[in-house]
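A quick write-up on the structure given underneath.
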Amino acid sequence: MTIELGLFLVLALAAIATALGMLFSRNAVYSALFLVLNFATVAVFYLLLSAPFLAMAQITVYAGAIMVLFLFVIMLLGAEQLQPAQILPWQRPAATVLAFLLVAESVYLLVFRDAPQARVAPAEELFGGPQAIGTALFSQYLLPFEITSAVLLVAMVGAIVMTRKEKGD
Amino acid sequence: MVPVTYYIVLAALLFSMGALGVLVRRNPLIVFMSIELMLNAANLAFVAFTRTLGTLNGQVFVFFVIAVAAAEVAVGLALIVAIFKTRRSINVDEMNFLKG
């Protein structure tokens, strides 16, 4: 067993454990913190898959910006703990069965039927670094990049419009 | 190098956990976090396939997914705050009005 495989297994266990912790925490703040840990482990996976730029973007955007926004809203609304109101008693077992089915299906489809090539090309130097990603973004993907800026602007305006006070209040 | 298949199986597991969270949790904030988990699992699969194919297209796609997720979270959390202001509750079972 190589070091990389051992690292992968430990991190995979951590990722699954933190995802489960996120799902089953009673307190929403704990859920958010578990999700931050999960994002951090996925960032390390990106590093293992030679995508250093994405790993750093993951940490700054997901773990930094998005989860801070989540924690902000959870504490603003005082929504740490909702009273568990089970309206549909059969929903939880049914959802669990469906989730296991989804795992089986996706693993079958992705791994056994449509097996990706086992051969892995050795990554060139600078593969997935800021320079390579930047070159791709500003040449081949220039239009989607500009559209992304429009999407962010619209989201910002929408968030402000939806949370501002109505005149009648 | 760890086989790419392992990463794909891990991504499938994380995605299914996100789907399970959307189905069983009643707190819309945790439903949102589960959606983020699903997006993240898809990103992991993208990066793993990118590594196999040796092109950067998948990584650029992940970049866009991260940007769109940020926009989605901003709008979604604003919606939750607006719903909380009018209904004083954010349980998903109680959101049965189109107009507050």
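The values are calculated or read from the model by the stated rules, or taken from the named source; none is laboratory data. Note that this is a predicted model, so its numbers are computed, not measured. Cβ placement follows ideal geometry from the backbone for every residue including glycine, while neighbour counts extend to all protein chains displayed.
So for the range B:1-15 (the condition being under 13 Å from the mean Cα position of the chain (by Cα), more than 28 Å from residue A:105 (Cβ to Cβ) and not small (Gly, Ala, Ser)), does at least one residue qualify?
no
Going by what's in this entry, would residue A:88 be described as more than 7 Å from every other protein chain (Cβ to nearest Cβ), assigned to a helix (DSSP H, G or I) and on the phi < 0 side of the Ramachandran plot?
Considered against the rule, which asks whether it is more than 7 Å from every other protein chain (Cβ to nearest Cβ), assigned to a helix (DSSP H, G or I) and on the phi < 0 side of the Ramachandran plot, residue A:88 comes out as no.
If I ask for residues that are assigned to a loop (DSSP other than H, G, I, E, B) and free of Cβ contacts under 8 Å to residues at least 60 places away in the same chain, which ones from the range A:50-85 would you list?
Within the range A:50-85, A:78, A:79, A:80, A:81, A:82, A:83, A:84, A:85 qualify.
Residues that are in contact with an Asp or Glu (Cβ under 9 Å, 6 or more places away or on another chain), modelled with pLDDT under 85 and at the interface with chain A (Cβ under 7 Å from one of its Cβ atoms): does the range B:77-96 have at least one?
No; the residues of the range B:77-96 include none that is in contact with an Asp or Glu (Cβ under 9 Å, 6 or more places away or on another chain), modelled with pLDDT under 85 and at the interface with chain A (Cβ under 7 Å from one of its Cβ atoms).
Hey, among B:29, B:53, B:39, which residue is facing another protein chain (nearest Cβ under 7 Å) and of a type outside the set (D, E, K, R)?
The conditions single out B:29.
Determine which member of the set A:46, A:30 is of a type in the set (Ser, Thr, Tyr), part of a helix (DSSP H, G or I), modelled with pLDDT of 90 or more and surrounded by fewer than 17 Cβ atoms within 10 Å (Cβ to Cβ). Give the steps one after another, and end with the answer.
Working: A:46 fails: surrounded by fewer than 17 Cβ atoms within 10 Å (Cβ to Cβ).
Answer to the check: A:30.
Within the range A:22-48, track down each residue that is more than 13 Å from the chain's Cα centre (by Cα), facing chain B (nearest Cβ under 7 Å) and without any contact (Cβ under 8 Å) to a residue 40 or more places away in the chain.
The answer is A:23, A:31.
Test residue B:4 against the criterion of being touching a Lys or Arg at 6+ places or on another chain (Cβ under 7 Å), modelled with pLDDT under 95 and more than 7 Å from chain A (Cβ to nearest Cβ), and give yes or no.
No.
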